[in-house]
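The values are calculated or read from the model by the stated rules, or taken from the named source; none is laboratory data. On a predicted model such as this, the values are computed, not experimentally measured, just so you know. A quick note on method: Cβ atoms are made from the backbone with ideal geometry, for glycine too, and the neighbour counts reach across all protein chains shown. Surface areas here come from the heavy atoms of the whole protein model, side chains and all, with no ligands, DNA or RNA. Shrake-Rupley method; radii C 1.70, N 1.55, O 1.52, S 1.80 Å.
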Amino acid sequence: MAAKTVDELSKLNLNGSADKVTSKTNGTNGTAVDASDQDSDDDKEDEAMAAGANGPATTAAKKKKKKKPKKKKAGGAKVQSDPPRVPVSQLFPNGNYPAGEEVDYKDHNAFRTTSEEKRHLDQTRNDFLTEYRQGAEIHRQTRKWAQNNIKPGMTLHEIAQGIEDCTRALTGHQGLEEGDGLIAGVGFPTGLSINHCAAHYTPNSTSKSWVLDQKDVLKVDFGVHINQRIVDSAFTMTWDPTYDNLLAAVKDATNTGVREAGIDVRVGDIGAAIQEAMESYEVTIDGKTYPVKSIRNLNGHDIIRGSIHGGKSVPIVKSNDQTKMEEGEIFAIETFGSTGRGYVQDDMEVSHYAMRPDAPNVPLRVSSARSLLNVIKKNFGTLPFCRRYLDRLGQEKYLLGLNNLVSSGIVQDYPPLVDQKGCYTAQFEHTILLRPTVKEVVSRGDDY
């Protein structure tokens, strides 16, 4: 999911000429006998007989050459539709999904690239890697659609629905049947945070229609999961060149964090490098120049199976945090830049929720809370969800029960996070896998 506060893919043309059959060479048995050669021999015999009985061969009716039946076109590789609706498993039937950006380890970890032991260990996690790469390919195809189709004048409801429809179609799991959403699908609610709102906003069904404006700065943060292995990646969109430097700063900062991250690296050192890159930029808006600041109480985070936020954070400012990244871990390296204070607080209507992995076993006196908890467990588990997803499952009048689950500590709510009004914020994010032999930026694409 977007942030964690400090506090917490041309068909093959196999048609040959239908009018002329040519001789072909068989790679195994040498030159094959052409059917037309056999027909030619038959023609010669018929002509000779006709010449002896009826005169010149030219008066004889020549035997027509036999035509080979047309070969059917071989099944070429399928291509994606627009909008994307073909599951990626059909585009890659052999299960070999594109790898992300693979970066060799350096210095004292350089041995990992050639270590037989590490290679063997890497190969034992093939299922894990396949699932992450499948999810990443779905994310790339979905965001390509989003980047080509999101335009000012659209409502946030339309944008969220479009992204989530793509994600569900490409995973092949609509999530309407009990447990289907736990197999694959949406990793967390689509974050569509605008301007001073940095993270965790998605429209509720009852929210007032929010129309995207030409001068808005839109953060698009969405996740894809395969077998509850979540790919978390985000980008920022603008339609006014005024904000180009803001986006450049945050993209540079995120790439710096990705570059610095690795096994045995202290997260505090990563934060220092991110801040240095981020705050080397400034942006001029309406004639006034603003320094780009790292939002100091927003962090990257590790990702564990079934949970978008594990126990580790990756700061985006300098800190004394000595926590090290370890082999096998997965991290979402995300950075946020702001023209404001560089500090966010909770505001606006809550939409994001998730059942806590360490939820206490407490009695629930509100009956709607008990029934809703059962729905959450069977459809989302500990994966984040939003109120629109409950509506989609046909749940009604659940708000009292949901609030009760939050107050009981069973469900965690994630309010939108905002900087001061009038400022602008931007975000970029990638998921990285700290494999035994290499660091893989699995969500990397041609776009960012």
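Pull up all non-local amide H partners of residue 321: gap of 5 or more, or a different chain, and H-to-H distance under 5 Å with H placed in the peptide plane.
Those qualifying (amide H under 5 Å, at least 5 residues apart or on another chain) are 268.
When the accessible area of the range 289-400 is split by element with a 1.4 Å probe, what percent falls to carbon and sulfur?
48
How much accessible area per residue does the range 235-303 have, in Å², with a 1.4 Å probe?
On the way: 2730 Å² over 69 residues.
That works out to 40 Å² per residue.
Of all GluC sites (Glu not before Pro) in the range 70-179, which ones are in loop regions per DSSP and have a Cβ with at most 16 other Cβ atoms within 10 Å?
Details: sites: 101, 102, 116, 117, 131, 137, 158, 164, 177, 178; in loops: 177, 178.
Passing both the DSSP loop test and the Cβ count: 177, 178.
Around residue 193, which amide H atoms from residues at least 5 apart in sequence, or from another chain, sit under 5 Å from its own amide H, with H modelled in the peptide plane?
201, 219, 221
Once you charge only the Cβ atoms, +1 for Lys and Arg and -1 for Asp and Glu, what is the size of the charge dipole of the range 222-365 about its Cα centre, to the nearest 20 debye?
Working: 14 positive and 21 negative charges, 71 e Å.
Once rounded to the nearest 20, the dipole reads 340 debye.
Based on the Cβ-Cβ distance of residue 266 and residue 110, what FRET efficiency does E = 1/(1 + (r/R0)^6) give at R0 = 22 Å, to the nearest 0.05? Provide the component values of the computation, followed by the final result.
Values: r = 19 Å, r/R0 = 0.85.
For residue 266 and residue 110, the calculated efficiency is 0.75.
Residue 288 to residue 90: FRET efficiency via 1/(1 + (r/R0)^6), r the Cβ-Cβ distance, R0 35 Å, to the nearest 0.05? Numbers along the way, then the final one.
Details: r = 52 Å, r/R0 = 1.48.
After rounding to 0.05, the efficiency reads 0.10.
Explain nothing, just the number: dipole magnitude of the range 340-443 about its Cα centre with +1 on each Lys and Arg Cβ and -1 on each Asp and Glu Cβ, in debye rounded to the nearest 20. Write down the numbers at each step before the final one.
Values: 13 positive and 10 negative charges, 76 e Å.
With only Lys, Arg, Asp and Glu charged at Cβ, the dipole is about 360 debye.
Can you give the local net charge around residue 447? Use residues other than it whose beta-carbon is closer than 12 angstrom to its beta-carbon, Lys and Arg +1, Asp and Glu -1.
Working: positive: 140, 143, 144, 251, 444; negative: 446.
Value of the local net charge: +4.
Taking Rh as the Kirkwood radius computed over C-alpha pairs, what is the Stokes-Einstein D of the range 342-448 at 10 °C in a medium of viscosity 1.306 mPa s, expressed in µm² per second? Intermediate results must be reported in sequence, preceding the final value.
Values: Rh = 16.6 Å.
Result for D is 96 µm²/s.
Under a point spin-label approximation (7 Å from Cα along Cα-to-Cβ), what is the residue 176-residue 326 distance to one decimal in nm?
Each label point lies 7 Å from its Cα, and together they span 4.3 nm.
What list of ³J(HN,Hα) values in whole Hz, one per residue of the range 429-437 in order, does the Karplus curve 6.51 cos²θ - 1.76 cosθ + 1.60 (θ = phi - 60°) give from phi, with Gly and Pro shown as x?
After applying 6.51 cos²θ - 1.76 cosθ + 1.60, I find 7, 9, 9, 10, 10, 8, 5, x, 9 Hz.
Residue by residue, what Karplus-based ³J(HN,Hα) values in Hz, rounded to whole numbers, does the range 380-386 have, using 6.51, -1.76 and 1.60 with θ = phi - 60° and x for Gly and Pro?
10, x, 9, 6, x, 9, 9
³J(HN,Hα) across the range 174-181 via Karplus (A = 6.51, B = -1.76, C = 1.60, θ = phi - 60°), whole Hz, x for Gly/Pro?
7, x, 8, 8, 4, x, 5, x
What order, most packed first, do the peptides 234-244, 184-194 have when packing is the mean number of other Cβ atoms within 10 Å of each residue?
Working: 234-244: 17.7, 184-194: 25.9.
Highest mean packing first, the order is 184-194, 234-244.
Taking the Cα centroid of the range 348-367 and of the range 82-108, what is the distance between the two, rounded to the nearest whole Å?
So the separation of the two Cα centres works out to 35 Å.
Could you work out how much longer the chain between residue 103 and residue 421 gets when fully extended? Use 0.36 nm per residue separation minus the Cα distance between them, nm to one decimal. Present the calculation step by step, with values, prior to reporting the outcome.
Details: separation 318, 0.36 × 318 = 114.48 nm, distance 3.96 nm.
Computed gain between residue 103 and residue 421 is 110.5 nm.
Taking amide H positions as placed in the peptide plane 1.01 Å from N, state which residues far from residue 281 in sequence (5 or more) or on other chains have amide H under 5 Å from it.
292
Multiplying the sequence separation of residue 446 and residue 205 by 0.36 nm and subtracting their Cα-Cα distance, what value in nm do you get?
Gain on stretching residue 446 to residue 205: 83.4 nm.
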